[in-house]
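The values are calculated or read from the model by the stated rules, or taken from the named source; none is laboratory data. What you see is a predicted model, and the numbers here were worked out from it, not measured in a lab. Cβ atoms come from the backbone with ideal geometry, glycine included; neighbour counts cover every protein chain shown.
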Amino acid sequence: MYKSLFQNYKKAFKWYKKAAEQGIENAQYNLGVMYYYGEGVLIDKSKSKYWIKKAYENKNASVSTENRAKKFWEEKELWKY
C-alpha cells in the first residue's frame, strides 16, 4: 500500500512541478508542501521555501492560496532555510 501511495505522490509531484513552473500559484503551494514533507520527493526545506514564497508572491494568486502559503510560511518558519 505504501508503495502505491508513494507512486501517486510521484505522479502528483511531476504534474505540480510542470504547473508551478508555468506560474500556477496553487501548484506552487502544493509543490512547496510536498518538498517540506517529502511526499514523492526527498525532503528539501530550501526548495519548499522557494515554492511557498513564489505562491504567496504570485500576482495572480487567489486570496485563499495566498493566505494558505503565508500561514504555512509562518507556521513552518521557512525563512530559516
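What's the number of the condition PHE13 fails, among (1) within 20 Å of TRP79 (Cβ to Cβ); (2) in a helix (DSSP H, G or I); (3) touching a helix residue (DSSP H, G or I) at 6+ places or on another chain (Cβ under 8 Å)?
The number of the failed condition is (1).
So, of the residues in the range 7-20 that are among the aromatic types (Phe, Trp, Tyr) and free of Cβ contacts under 8 Å to residues at least 24 places away in the same chain, which turns out to be surrounded by the most Cβ atoms within 10 Å (Cβ to Cβ)?
So the residue we want is TYR16.
Just for the range 71-81: of the residues that are at pLDDT below 95 and assigned to a helix (DSSP H, G or I), which one is surrounded by the most Cβ atoms within 10 Å (Cβ to Cβ)?
TRP79
Across the range 47-70, what is the total count of residues that are crowded, with 17+ Cβ neighbours inside 10 Å, part of a helix (DSSP H, G or I) and among the polar types (S, T, N, Q)?
Number satisfying all stated conditions: 2.
Any idea which residue in the range 21-46 is surrounded by the fewest Cβ atoms within 10 Å (Cβ to Cβ), counting only those that are of a type in the set (A, V, I, L, M, F, W, C) and under 17 Å from TYR81 (Cβ atoms)?
Residue satisfying both the conditions and the ranking: LEU42.
Out of the residues in the range 31-61 that are among the hydroxyl-bearing types (Ser, Thr, Tyr) and touching a helix residue (DSSP H, G or I) at 6+ places or on another chain (Cβ under 7 Å), which is modelled with the lowest pLDDT?
For the range 31-61, the residue satisfying everything is TYR56.
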